[in-house]
Amino acid sequence: MKPTAFDYIRPTSLPEALAILAEHSDDVAILAGGQSLMPLLNFRMSRPALVLDINDISELQQVRCENDTLYVGSMVRHCRVEQEEIFRSTIPLMSEAMTSVAHIQIKTRGTLGGNLCNAHPASEMPAVITALGASMVCKSEKRGERVLTPEEFFEGALQNGLQSDELLCEIRIPVPSQYVGWAFEEVARRHGDFAQCGAAVLIGAEDRKIDYARIALCSIGETPIRFHALEQWLIGRPVGNDLPADVKLHCREILDIAEDSTMTAENRAKLASAVTSRAIARAADRIVHLDVKRG
Ligand SMILES: Cc1cc2nc3c(=O)[nH]c(=O)nc-3n(C[C@H](O)[C@H](O)[C@H](O)COP(=O)(O)OP(=O)(O)OC[C@H]3O[C@@H](n4cnc5c(N)ncnc54)[C@H](O)[C@@H]3O)c2cc1C
């Protein structure tokens, strides 16, 4: 099938794009990497009057690190997150998780902003962004800038917190301390498929006792879930050989997962416990200078 007819605009500046969005907000589709939008257009599940292509706005393609924050333009493509040194050296959790996202052809086009806006419940990056406590910077001509937390941005399955005249412009990500261990683990039917369950983990420890934990899961609900209960339980626990098995047991006790059409709640809870304990074990192995007092 082919899309229904639409007008097409490809602005080269952000103010121009925001002005077009303000004028046509009731019937416009924003085209980033097109990896989710194009199938929707081709199957005529989306029939916009106008497609606003944001691929030529160089401002949305920038990445910089300043004052322990990584500023990532929404049009930064998946392959850059996976491969570029600035990501690998500051937030390797993102690069590692990106290896589980889709396939090379999709990663050369798909963008971080498009992936987050798509808000797929089984998508890896929303969980990573949630664990990292990033902020989504949204802009409109009328209201200027709004900054949303992951909890505000990921509203539901395939639903984001953007207003119809807003563009996601930047993702601001606090760079974790160099002493923090990190890992992303998932189970998927095939490598590159959406996750059946995934866990993004950051943990830190001093004198071999955990004193920092941030954990978020994907594919166990409509939005990424920050696993606060497990984070609290981990604080003060020793980093040792028993940790993964203890985590696995405890997860099963405290996870509250609803049944869905693809898997029973019990099986998904088993999966979530397994990927979470695996991610915690690997993150614990990566904690740096465990016995050195941190500044
Ligand atoms: C075969 C296949 C396998 C895949 N596997 C995975 C996977 O395992 N994990 C995973 O996470 N993803 C997966 N994806 C999705 C892919 O990674 C892309 O991230 C995703 O398709 C959206 O990114 P995009 O840049 O292509 O956005 P687009 O398709 O261009 O846009 C997606 C949606 O977001 C809106 N949008 C895009 N950018 C903005 C913006 N800046 N501001 C406001 N709205 C915006 C668009 O209007 C559209 O509604 C897969 C895709 C395919 C085709």
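Anything in the stretch 108-138 that is surrounded by fewer than 22 Cβ atoms within 10 Å (Cβ to Cβ) and charged (D, E, K, R)? List them, or say none.
Scanning the stretch 108-138 gives a single hit, Arg109.
Take the conditions part of a loop (DSSP other than H, G, I, E, B), in contact (Cβ under 8 Å) with a residue 40 or more places away in the chain and within 11 Å of the ligand (Cβ to nearest atom) and apply them to Leu168. Does it pass?
Numbers: part of a loop (DSSP other than H, G, I, E, B): no; in contact (Cβ under 8 Å) with a residue 40 or more places away in the chain: yes; within 11 Å of the ligand (Cβ to nearest atom): yes.
Here the answer is no, as Leu168 does not meet what is asked.
Restricting attention to the stretch 145-165, report how many residues are in contact with a helix residue (DSSP H, G or I) (Cβ under 6 Å, 6 or more places away or on another chain), in a loop (DSSP other than H, G, I, E, B) and not acidic (Asp, Glu).
The initial filter retains those residues of the stretch 145-165 that are in contact with a helix residue (DSSP H, G or I) (Cβ under 6 Å, 6 or more places away or on another chain), namely 150, 154, 160-161, 164-165.
Keeping just the survivors that are in a loop (DSSP other than H, G, I, E, B) gives 161, 164-165.
Retained after the next criterion (residues that are not acidic (Asp, Glu)): 161, 164.
Of the residues in the stretch 145-165, 2 are in contact with a helix residue (DSSP H, G or I) (Cβ under 6 Å, 6 or more places away or on another chain), in a loop (DSSP other than H, G, I, E, B) and not acidic (Asp, Glu).
Before we move on, is Glu124 closer than 20 Å to Gly34 by Cβ and either β-branched (Val, Ile, Thr) or in contact with a helix residue (DSSP H, G or I) (Cβ under 9 Å, 6 or more places away or on another chain) (or both)? Write out each step before concluding.
Numbers: closer than 20 Å to Gly34 by Cβ: yes; either β-branched (Val, Ile, Thr) or in contact with a helix residue (DSSP H, G or I) (Cβ under 9 Å, 6 or more places away or on another chain) (or both): yes.
Considered against the rule, which asks whether it is closer than 20 Å to Gly34 by Cβ and either β-branched (Val, Ile, Thr) or in contact with a helix residue (DSSP H, G or I) (Cβ under 9 Å, 6 or more places away or on another chain) (or both), Glu124 comes out as yes.
Does Gly114 fit the bill of being near the ligand (Cβ under 10 Å from one of its atoms), within 16 Å of the chain's Cα centre (by Cα) and of a type in the set (Gly, Ala, Ser)? Walk me through how you get there before you give the answer.
On the way: near the ligand (Cβ under 10 Å from one of its atoms): yes; within 16 Å of the chain's Cα centre (by Cα): yes; of a type in the set (Gly, Ala, Ser): yes.
Considered against the rule, which asks whether it is near the ligand (Cβ under 10 Å from one of its atoms), within 16 Å of the chain's Cα centre (by Cα) and of a type in the set (Gly, Ala, Ser), Gly114 comes out as yes.
Pick from the stretch 191-210 the residues that are assigned to a loop (DSSP other than H, G, I, E, B) and more than 16 Å from the ligand (Cβ to nearest atom): which of them is nearest to Ser277 (Cα to Cα)? Before you say what the answer is, go through the steps one by one.
Here is the first cut: in the stretch 191-210, the residues assigned to a loop (DSSP other than H, G, I, E, B) are 191-196, 207-208.
After this cut, where a residue has to be more than 16 Å from the ligand (Cβ to nearest atom) as well, the list is 207-208.
Values: Asp207: 21, Arg208: 18 Å.
So, considering only residues that are assigned to a loop (DSSP other than H, G, I, E, B) and more than 16 Å from the ligand (Cβ to nearest atom), the one nearest to Ser277 (Cα to Cα) is Arg208.
Out of the residues in the stretch 79-111 meeting the condition of being over 22 Å from Asn160 (Cα atoms) and of a type in the set (D, E, K, R), tell me which one is farthest from the ligand (Cβ to nearest atom). Write out each step before concluding.
Applying the first criterion (over 22 Å from Asn160 (Cα atoms)) to the stretch 79-111 yields 79-80, 82-93, 95-96, 99-100, 103-105, 108.
Right, trim to of a type in the set (D, E, K, R) and you get 80, 82, 84-85, 88, 96.
Numbers: Arg80: 12, Glu82: 11, Glu84: 17, Glu85: 22, Arg88: 19, Glu96: 14 Å.
Step by step, filter the stretch 79-111, then rank; the result is Glu85.
Under 7 Å between Cβ atoms, which residue pairs at least 6 apart in sequence (or on different chains) link something in the stretch 13-32 that is under 16 Å from Gln61 (Cβ atoms) and in contact (Cβ under 8 Å) with a residue 12 or more places away in the chain with a partner that is outside any helix (DSSP H, G or I) and among the hydroxyl-bearing types (Ser, Thr, Tyr)?
Close Cβ pairs (under 7 Å, with a partner that is outside any helix (DSSP H, G or I) and among the hydroxyl-bearing types (Ser, Thr, Tyr)) amount to Ala32/Thr111.
Could you please tell me which pairs satisfy a Cβ distance under 6 Å, a separation of 6+ or placement on different chains, a first residue in the stretch 189-212 that is closer than 19 Å to Met263 by Cα, and a second residue that is of a type outside the set (Ser, Thr, Tyr) and assigned to a strand (DSSP E or B)?
Pairs found: Ala195/Glu186; Ala195/Cys218; Gln196/Val187; Cys197/Val187; Gly198/Glu186; Gly198/Cys218; Ala199/Glu185; Ala199/Leu217.
Which one of these does Thr149 not meet: (1) farther than 15 Å from Cys218 by Cβ; (2) of a type in the set (Ser, Thr, Tyr); (3) in contact (Cβ under 8 Å) with a residue 60 or more places away in the chain?
It is condition (3) that Thr149 fails.
Evaluate the stretch 130-144: report whether one residue or more is away from the ligand (no atom under 11 Å from the Cβ), part of a strand (DSSP E or B) and modelled with pLDDT of 95 or more. Can you show your working first?
If we filter the stretch 130-144 for residues that are away from the ligand (no atom under 11 Å from the Cβ), which is where we start, we get 130-135, 141-144.
Restricting the remaining residues to those that are part of a strand (DSSP E or B) gives 135, 144.
When the remaining residues are screened for being modelled with pLDDT of 95 or more, the result is 135, 144.
Yes, the conditions are met somewhere in the stretch 130-144.
Out of all the residues in the stretch 171-190, which are assigned to a loop (DSSP other than H, G, I, E, B), within 15 Å of the ligand (Cβ to nearest atom) and surrounded by 13 or more Cβ atoms within 10 Å (Cβ to Cβ)? Even if it seems obvious, please write down each step before you answer.
Filtering the stretch 171-190 for residues assigned to a loop (DSSP other than H, G, I, E, B) gives 175-180, 188-190.
Still in the list and also within 15 Å of the ligand (Cβ to nearest atom): 188-190.
If the condition is that a residue be assigned to a loop (DSSP other than H, G, I, E, B), within 15 Å of the ligand (Cβ to nearest atom) and surrounded by 13 or more Cβ atoms within 10 Å (Cβ to Cβ), then Ala188 is the only one that fits.
Which one is surrounded by the fewest Cβ atoms within 10 Å (Cβ to Cβ), of the residues in the stretch 269-295 that are of a type in the set (Lys, Arg) and at pLDDT below 90?
The initial filter retains those residues of the stretch 269-295 that are of a type in the set (Lys, Arg), namely 270, 278, 282, 286, 293-294.
Now drop any that are not at pLDDT below 90, which leaves 293-294.
Values: Lys293: 7, Arg294: 15.
Across the stretch 269-295, the extreme among qualifying residues is Lys293.
Taking the stretch 145-165 as the search range and keeping residues that are within 11 Å of the ligand (Cβ to nearest atom) and polar (S, T, N, Q), which one is farthest from Ser58 (Cα to Cα)?
Across the stretch 145-165, the extreme among qualifying residues is Gln159.
Here's a check for you: in the stretch 12-43, which residue that is within 13 Å of the ligand (Cβ to nearest atom) and assigned to a loop (DSSP other than H, G, I, E, B) is farthest from His78 (Cα to Cα)?
The residue in question is Phe43.
The values are calculated or read from the model by the stated rules, or taken from the named source; none is laboratory data. As the structure is a computational prediction, the values presented were derived from the model and not from experiment. A quick note on method: Cβ atoms are made from the backbone with ideal geometry, for glycine too, and the neighbour counts reach across all protein chains shown.
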